[in-house]
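Notes follow the structure.
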Amino acid sequence: MEDPYQKLSRSEASDAVTRLGWRLILGELRTEVRTGSLALAADVAARVAAVAGAEGHLRLDVRADRVLLSLQTATAAWVTERDVELARNISTVVDETRLETVSGVGLDGGGGPDADIDGDLDGDGSADGERAVQVIEIGIDALDAAAIRPFWRAVLGYVDEPGRFGPWDGLVDPLGQGPAVWFQRMDTPRPQRNRIHFDVSVPHDEAESRIGAALAAGGTLINDTRAPAFWVLADAEGNEACVTTWQGRDG
């Protein structure tokens, strides 16, 4: 029998859930259910939690008008077939409430309850005030990560990622609220360059529009040699941010 907890490749995981309104982002499956009210969000969260059970794959965040959902096999720190199965089951349960699991990319077709809850579409095909599901990380340039990592772990109240506690390994919020922090190796000091930058991990089919919006807002494309894994952008004063996707990372 095939192991349901075997890690999936990025393309396998993405292909399995994209049509369901989920997206693979940084080793997790992410989606949201837009409910329009806190009461309905709480009801949906309870239904979804019942489907997921006590295995620990699901993390959910109930907001005033939606539920944010993510799936990952914690022991593997990655997506497995079990997570894909849970995504399918959760989407089915949500559909029974006449709502949808959506990634926010082009409103996943733009129909259904999204149009009623979110209002008119603007010129870029998204609803006013809406965006795609995403994950933010903060990258810190370092000559010696071992010298600075304990400081960031302490001052943020963060912890090691499961099984990752080396000097160059990242730090995560144990409550899953704040962005992860990781350390980028420098060979020489760069005192005139910003040393901290944001990584904005978006669905693979959201990257082009996000980059276009950033450029239209006065940004500059600094480097795209590693696209579609990541693009390096900068604001008008040279402060950098990377837009990243799961693509282009295998092999």
**Prompt:** Which of the residues spanning segment 177-200 are within 20 Å of Leu26 (Cβ to Cβ) and either in contact (Cβ under 8 Å) with a residue 24 or more places away in the chain or among the basic types (Lys, Arg) (or both)?
**Reply:** Pro179, Ala180, Val181, Trp182, Phe183, Gln184, Arg185, Ile196, His197, Phe198, Asp199, Val200
**Message:** For segment 66-96, which positions are crowded, with 16+ Cβ neighbours inside 10 Å and of a type in the set (Asp, Glu)?
**Reply:** Glu81, Asp83
**Prompt:** Do we have Ala241 as surrounded by 14 or more Cβ atoms within 10 Å (Cβ to Cβ), modelled with pLDDT of 95 or more and either within 19 Å of Ile138 (Cβ to Cβ) or basic (Lys, Arg) (or both) here?
**Reply:** no
**Request:** Could you pull out every one of the strands (runs of 3 or more DSSP E) wholly within segment 1-78 that has 2 or more residues that are among the acidic types (Asp, Glu)?
**Result:** 28-34
**Request:** Considering only residues that are of a type in the set (A, V, I, L, M, F, W, C) and part of a loop (DSSP other than H, G, I, E, B), look in segment 226-251 and name the one that is nearest to the chain's Cα centre (by Cα).
**Result:** Trp246
**Prompt:** Of the residues Gly176, Gly166, which is at positive phi and assigned to a loop (DSSP other than H, G, I, E, B)?
**Reply:** Gly176
**Asked** For segment 145-163, which residues satisfy the criterion of being part of a loop (DSSP other than H, G, I, E, B) and without any contact (Cβ under 8 Å) to a residue 40 or more places away in the chain?
**Response** Gly157, Tyr158
**Selected residue (only one of Ala46, Ala54, Ala76, Ala41 is among the small types (Gly, Ala, Ser) and touching a residue at least 60 places away in the same chain (Cβ under 8 Å))** = Ala76
**Message:** I'd like the full set of residues that are within 18 Å of Glu137 (Cα to Cα) and surrounded by fewer than 13 Cβ atoms within 10 Å (Cβ to Cβ), limited to segment 217-238.
**Reply:** none
**Candidates Arg190, Arg210, filtered to the one that is assigned by TED's automatic domain parsing to the domain that holds Ala147, of a type in the set (Lys, Arg) and outside any helix (DSSP H, G or I)** = Arg190
**Request:** From Gly178, Gly139, Gly157, Gly170, grab the single residue that is in contact with a His (Cβ under 7 Å, 6 or more places away or on another chain), not charged (D, E, K, R) and not assigned by TED's automatic domain parsing to the domain that holds Leu26.
**Result:** Gly139
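The values are calculated or read from the model by the stated rules, or taken from the named source; none is laboratory data. Because the structure is predicted, anything quoted here is derived from the model rather than measured. When we count neighbours, we look across all protein chains shown, and the Cβ atoms used for this are built from the backbone with ideal geometry, even at glycine.
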